[in-house]
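Values in this text are rule-based calculations from the coordinates and carry no lab data. All figures in this text were calculated on a predicted structure; none of them were measured in a lab.
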Amino acid sequence: MKNIIAIVFACLFFSAFAQELSSQYDKIGRFNQGIAIVWKSGHCGLITQGGKEIIKPTYDKISGFGKDGIAYTWKDGLVGLINMQGKIIVPNIYGSISAFNGSFAITRKNGLAGMINKQGKVLIENKYEDIRVERNGIIRAVKDGKEVILDLKD
């Protein structure tokens, strides 16, 4: 009986001090690495466990964050990248961005392939019909129906 009274008292005591941190959202996803996706009026954004908004709900979709702290965002049919601090790494300008293969990803824009790094720097402009990276690091691209070998220079 004493345990029940203690539990009821504790619930009443702590509920008197509870504060809603994120009541403005329609739905809150699971927290992963201290960040959750939130939805409002059909758009999504990000908040911290403390309820601080990192990104306002303006995206159509946000992926989960990878080990590298990067997430994909979709807006108006285009994809971009953000980091866990809410900084836009790549704006939503690409038709697609592949998964990162080491430090780079292949992008497609207006039907043409290019390549970016994890900092969002364009390594290869989107002007090739196709780009493939071989295991040995050789980059093959197709332009005007002809295959070329590309060299990444800093």
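The long axis of helix 2-15 is offset from the longest Cα principal axis of the chain by roughly 60 degrees. Using bins of 10 Å that start at zero, the share of Cα-Cα pairs per bin across the range 78-154 amounts to 19, 53, 24, 4, 0, in whole %. Shown for the range 23-94 is the translational diffusion coefficient from the Stokes-Einstein equation, using the Kirkwood radius over Cα pairs, a temperature of 25 °C and a viscosity of 0.890 mPa s: 205 µm²/s.
Cross-link pairs exceeding 23 Å between alpha carbons, from the set K121/K146; K75/K143; K109/K146: K121/K146; K75/K143.
What relative contact order, as a whole-number percentage, does the range 23-94 give when Cα pairs under 8 Å and 6 or more residues apart are counted?
Details: 149 pairs, mean separation 12.5, N = 72.
Relative contact order comes out at 17 percent.
For the chain, modelled as a GNM whose springs connect Cα atoms under 10 angstrom apart, the maximal fluctuation among A99, A71, A141 occurs at A99. Taking Cα Rg over 2.2 N^0.38 Å straight from the coordinates, which label in (1) 1.02; (2) 1.49; (3) 1.14 is the correct one? Read-out from the structure maps to (2).
Each Cα pair under 8 Å and six or more residues apart adds its separation to the average, and for the chain the resulting relative contact order is 8 percent.
Using the rule -39500 (n - 2.57) for each DSSP H run of four or more residues, divided by the residues of the chain, the 222 nm mean residue ellipticity is -3000 deg cm²/dmol.
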